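The values are calculated or read from the model by the stated rules, or taken from the named source; none is laboratory data. Keep in mind the model is a prediction, meaning the values are calculated, not measured. In this analysis, Cβ positions are derived from the backbone assuming ideal geometry, glycine residues included, and neighbour counts consider all displayed protein chains. In case anyone asks, the SASA skips ligands and DNA or RNA and just uses the protein heavy atoms, side chains included. Shrake-Rupley method; radii C 1.70, N 1.55, O 1.52, S 1.80 Å.
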Amino acid sequence: MSEPRILWQPDPAAVARSRIAAFRTWLASSHGVQVADYAALWRWSVRDLEGFWGAFAQFAAVRFHTPPHRVLAAPTRSGAEMPGARWFPGATLNYAEHALGTGPGKGDDDPAVIFRREDGAREHLSYGQVRRRVAAARAALAALGVSRGDRVAALAPNSPDTLVAFLATASLGAIWSSCSPDFGARAVADRFTQIEPTVLIAVHDYRYGGRSYPVRSTVDALGRQIPSLQAVVPPPRWDRLLAEHAGAAPAFEAVDFDHPLWVLYSSGTTGLPKSIVHGHGGIVLEHLKKLMLQSDLGPGDRFFWFTTTGWMMWNYLISGLLVGATIVLYDGSPAHPDLDTLWQLAEQERITYFGTSAPFVQACRKAGLRPGKQHDLAALRAIGSTGAPLSAEGFRWLSAEIGPEVQICSVSGGTDVCTAFVCAAPDVPVWEGEISCRALGAAVVALDGTGAELLDEVGELVITRPMPSMPVSFWNDPDGTRLREAYFDTYPGRWRHGDWIRITPRGSCVIYGRSDATLNRGGVRMGTAEFYAVVEGLDEVVDSLVIDTSGTGLADSAHSANDSGSPGSPGSPEDGELLCFLVLAPGVALADVEPRLRAALRQNLSPRHVPDRFIVIDEVPRTLNGKKCEVPVKRILAGVDPERAVSADALRNPEALRAFRAQRS
């Protein structure tokens, strides 16, 4: 396989000024650890977990109220067992103190938060203002009966008030959990009823796409369905509470390293969402490492990621406060009034690190946007992309239209760990179509079905050694059974994440989609991301969904005439149908694009991966966080009752399922 084109090269002068270079220099002088480059640093970080994480905690000046007995403890002496590894036993600390404590870039007048809403609302807050608001909110929550270990739930937008409520919750040692107000009533109830919150902070409406949407009925229903609630707090009451407690003194409860910080949730498409608990210490360590070393963020930076409060990227974005950066919060649609909105934001707020999703990049490319020509993006030095694999076309568009001097930071990880396993670094090039490197401290490998490690071949993404931000637990899983089943059943003692990955000899990575949605045609396995890269590379295709019905029992009643008859091709007895559902651009007919799609798939993938049928639909069903619903749709096509195949309230657009019910009949 030929080496792809390099789109971005680290500037030696910028690398010399970077925090990762400072860390390497400090390691050599204070610990005698000599690592010449990123690859050597990564190898050491996963070989000597205690050495790496202990040294980094020192370098990052983590504030331990009580020092740890050691860095890593486990059931046996190697310290690398999963699950069961315990990080920094004996240590106490507090996330909110790390976000709001004094330090570089955190003076009272230094900028902490920039808030923008799609209707033009705008607010700037300094670190001093945030500290004062959090102190008042902490006192207000305490007056409502919230104390250490209690849960505070929020149905709230990506706004300063939500940020303040979270930090106040964390400062008390209480446990935070949030949903975006566009979640359906059942989706919110499925999440919050599990954790039995004491207080619910909730808006009564939200804005999106130029409209206001009421959610008061959802809030009222939650008040009836959650017996543990002692208070439901809408915005007017929240404002009064903050005013009543203005002038309260800041305080931070020292909690154990593993004390729960927040509860995040899996998508919940095929059952009750998993309630994933992360600890104060694990998140502090992991997010400091990721933001300081991998992203080179710190004082003077303006850090933005488009997200809602229902996606883990909100939790990651607000951690920009840990490193003294200014975080940029945006509430509303990224496409209102048009796709240029966020690029205008980047120009107006002088954003230095702009985070978005691969589908947004794809949409901008197809719309013909030229942000680098239309806006002054001189402050921008890096663009982050996650949520789905970024295609090679997406990489090329970013490089051409934003500028070759801007680093493309494609990353992949998950809600499960609230971080990325594979990402970028200031001193590693960007290769077209590839994620630059494995994250420090993340022992990422590709394994085959027997557990053998693969190089430059596609395999299961597996983590072989523990990470601090792995879940402390699942909620209501006292003996850890559900957690073990979720990650450790396939490869005992090793974390199987559920993605296909290829790790190149250069150390870069390519993600090929979910391994439970694999296209297995005549024994040739392929990730769906490869398929989408080809199909959605055509400007006429707005979106797509591919379903391999092999193993579902569906009759292969229709075959591709131009590919049938060869062993293992579509239509062979061992395969079900391969179906490609298309959302086409306005005015485009299937006949206009089908021949080109078939030719492109045959040339770029294989004859086996040319679909039996292309079917036009209005929209692709997606989860609340924008993921394509491949597995639920496959179950519906196999005859499973749609209500059992997927929770409609876990979807952004449940009406999109109608097209697949019709295909089954």
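Backbone geometry of the range 589-597 corresponds, through the Karplus equation with coefficients 6.51, -1.76 and 1.60 at θ = phi - 60°, to 3J(HN,Hα) couplings of 9, 4, 4, 6, 10, 4, x, 5, 5 Hz, x marking Gly and Pro. Residue by residue, the range 443-449 carries 3J(HN,Hα) couplings of 7, 8, 9, 9, 10, 8, x Hz when phi is fed to the Karplus relation 6.51 cos²θ - 1.76 cosθ + 1.60 (θ = phi - 60°); x denotes Gly or Pro.
Between L272 and D618, the C-beta separation translates, for a Förster distance of 30 Å, into a calculated FRET efficiency of about 0.55.
Sorting 179-192, 597-610, 29-42 by their mean Cβ neighbour count within 10 Å, with the most densely packed peptide first, gives 179-192, 597-610, 29-42. Taking label points 7 Å from Cα along the Cα-to-Cβ direction, H65 and R186 give a separation of 4.3 nm. Listed values for the range 43-48 are Karplus-derived 3J(HN,Hα) couplings in whole Hz (6.51 cos²θ - 1.76 cosθ + 1.60, θ = phi - 60°), namely 4, 5, 5, 9, 7, 10, and x replaces Gly and Pro. Helix 19-31 and the longest principal axis of the Cα set of the chain meet at an angle near 60°. Among the trypsin sites (Lys or Arg not before Pro) found in the range 333-431, those both in a DSSP coil and sparsely packed, with 16 or fewer other Cβ atoms within 10 Å of their Cβ, are R350.
Once all protein chains are placed together, Y487 keeps about 10 Å² accessible to a 1.4 angstrom probe. Per residue, the solvent-accessible area of the chain (1.4 Å probe, heavy atoms of protein chains only, all protein chains present) comes to 37 Å².
Using a probe of 1.4 Å on the protein chains alone, the accessible area found for R43 is around 120 Å². The slack between S228 and R661, meaning 0.36 nm per residue of separation minus the straight C-alpha distance, is 152.0 nm. Entry note, the chain: the mean residue ellipticity at 222 nm calculated from DSSP H runs of n ≥ 4, each adding -39500 (n - 2.57), is -8500 deg cm²/dmol after division by the residues and rounding to the nearest 500. Extending 7 Å from the Cα toward the beta-carbon at both T450 and A28 defines two label points whose distance is 4.3 nm. Computed from the Kirkwood radius of its Cα pairs, the Stokes-Einstein diffusion coefficient for the range 294-376 at 37 °C and 0.692 mPa s stands at 244 µm²/s. Stokes-Einstein, applied to the Kirkwood radius of the chain over Cα pairs at a viscosity of 0.692 mPa s and 37 °C, places its translational diffusion at 128 µm² s⁻¹. Share of carbon and sulfur in the accessible area of the range 66-204 stands at 47%, probe radius 1.4 Å.
In this structure the amide hydrogen of W8, modeled in the peptide plane, comes within under 5 Å of the amide hydrogens of V430, none closer than 5 places in sequence on its chain.
How large a share of the accessible area of the range 223-341, in percent, is made up of carbon and sulfur atoms when the probe is 1.4 Å and the other protein chains stay in place?
In the range 223-341, the share of accessible area belonging to carbon and sulfur is 53 percent.
The shape of the range 318-470 can be summarised by an equivalent ellipsoid whose semi-axes, obtained from the alpha carbon gyration tensor, come to 30, 18, 14 Å from longest to shortest.
Taking every DSSP bridge with both residues inside the chain, close to 60 percent are antiparallel.
Rounded to the nearest 10 degrees, the angle from helix 160-171 to the longest Cα principal axis of the chain is 60 degrees. Were the residues from N653 through R482 laid out at 0.36 nm apart, the gain over their Cα-Cα distance would be 58.7 nm. Here A243 and S606 are evaluated by their C-beta separation; at R0 = 51 Å the FRET efficiency comes out at 0.20.
If you average the alpha carbon positions of the range 269-310 and of the range 134-204, how far apart do those two centres end up, in angstrom? With the range 269-310 and the range 134-204 each reduced to a Cα centre, they are spaced 18 Å. Packing, as the average of other Cβ atoms within 10 Å across residues, places the peptides 320-327, 611-618, 497-504 in the order 320-327, 497-504, 611-618, highest first.
Would you mind checking K290/K627; K373/K628; K289/K373 for any pair whose Cα atoms are more than 26 angstrom apart? Long pairs (Cα-Cα over 26 Å): K373/K628; K289/K373.
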